[in-house]
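Trainee: Supplied in structure tokens, the structure appears directly below.
The values are calculated or read from the model by the stated rules, or taken from the named source; none is laboratory data. As the structure is a prediction and not an experimental result, all values here were calculated from the model. Because the Cβ atoms are built from the backbone with ideal geometry, glycine has one as well, and the counts that use them run over all protein chains shown. To get the accessible areas, we keep the full protein, side chains included, count just its heavy atoms, and leave off ligands, DNA and RNA. Shrake-Rupley method; radii C 1.70, N 1.55, O 1.52, S 1.80 Å.
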Amino acid sequence: MTVRLRPHHLLCLLTYVGKGYTPAFVDNYDRIARRLSEGEGIVVVDGPDDVCAALLCAPDAHCFRDSVRVRDAQAAADVGELLDMTVSAGARIDLHPALLARMRKAFAEGVTRKACLGCEWSALCSGVAACGYAEVRVRAVAEVCLGI
Ligand code: SF4
């Protein structure tokens, strides 16, 4: 199995601390965080993904908005440049410790934050990064095993 993620969620997963739009959204995200932390791989998708799934029954779900697609495009460009790969539908990513560390560092330094412009969670995510990602729920397998 793989976790289906749209490009900007490659950034959001770095700072997920159990906060979100609704209790159902958080429950779903917690399940995804567990799967990723147990080593399940990621496949990039175009448009609504496994994280969005808990919101899609709402008639005004923001997941379909053009502004979210713009966020995806920016994240795909920045993460792709960082990881030296093309981040587009079908791309596969494994969150091994070195890769996660690289993504966290780039995010904390603002290298991959252009996609966050205008996001209502930006202050929270900046704070999580500034605190060294201490409370995040998506961890690499080695971090989980070591209890970091
Ligand atoms: S600021 Fe928004 S887009 Fe950026 S990582 Fe946080 S939740 Fe995701």
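Trainee: How large is ³J(HN,Hα), in whole Hz, for each residue of the stretch 118-133 in order, when computed from phi with the Karplus curve 6.51 cos²θ - 1.76 cosθ + 1.60 and θ = phi - 60°, using x for Gly and Pro?
Mentor: These are the phi-based 3J(HN,Hα) values: x, 6, 5, 9, 4, 5, 4, 5, 5, x, 4, 5, 5, 8, x, 6 Hz.
Trainee: Still on this structure, I have one more. What is the distance, in nm, between label points placed 7 Å from the Cα along the Cα-to-Cβ direction at ARG34 and at ALA89?
Mentor: Going by the 7 Å Cα→Cβ label model, 3.0 nm.
Trainee: Using the Karplus equation 6.51 cos²θ - 1.76 cosθ + 1.60 (θ = phi - 60°), what ³J(HN,Hα) coupling, rounded to whole Hz, does each residue of the stretch 36-49 give in order, writing x for Gly and Pro?
Mentor: Values per residue, Gly and Pro as x: 5, 5, 8, x, 5, x, 10, 10, 6, 10, 9, x, x, 10 Hz.
Trainee: Debye sum, Cα scatterers, the stretch 1-130, no solvent: what log₁₀ I/I(0) at q = 0.10, 0.17 1/Å?
Mentor: -0.28, -0.89
Trainee: Could you check how much of the accessible area of the chain is carbon and sulfur, as a whole percent, using a 1.4 Å probe?
Mentor: Percent of accessible area from carbon and sulfur atoms in the chain: 56.
Trainee: Loop-only check: which trypsin sites (Lys or Arg not before Pro) in the stretch 41-72 are DSSP coil with at most 15 other Cβ within 10 angstrom?
Mentor: Qualifying residues, ordered by number: ARG65.
Trainee: In Å², and per residue, what accessible area does the stretch 59-125 have when probed at 1.4 Å with the other protein chains present?
Mentor: About 60 Å² of surface per residue is accessible.
Trainee: Right, next: Give me the extension gain from TYR21 to ALA142: residue separation times 0.36 nm, minus the current Cα-Cα distance, reported in nm with one decimal.
Mentor: 40.6 nm is the gain from fully extending TYR21 to ALA142.
Trainee: Using the Karplus equation 6.51 cos²θ - 1.76 cosθ + 1.60 (θ = phi - 60°), what ³J(HN,Hα) coupling, rounded to whole Hz, does each residue of the stretch 87-100 give in order, writing x for Gly and Pro?
Mentor: 9, 8, 3, x, 5, 10, 9, 10, 7, 6, x, 5, 5, 5
Trainee: As a check on your grasp of the helix formula, calculate [θ] at 222 nm for the chain: sum -39500 (n - 2.57) over DSSP H runs of n ≥ 4, divide by the residue count, round to the nearest 500.
Mentor: -13000 deg cm²/dmol, from helical runs alone.
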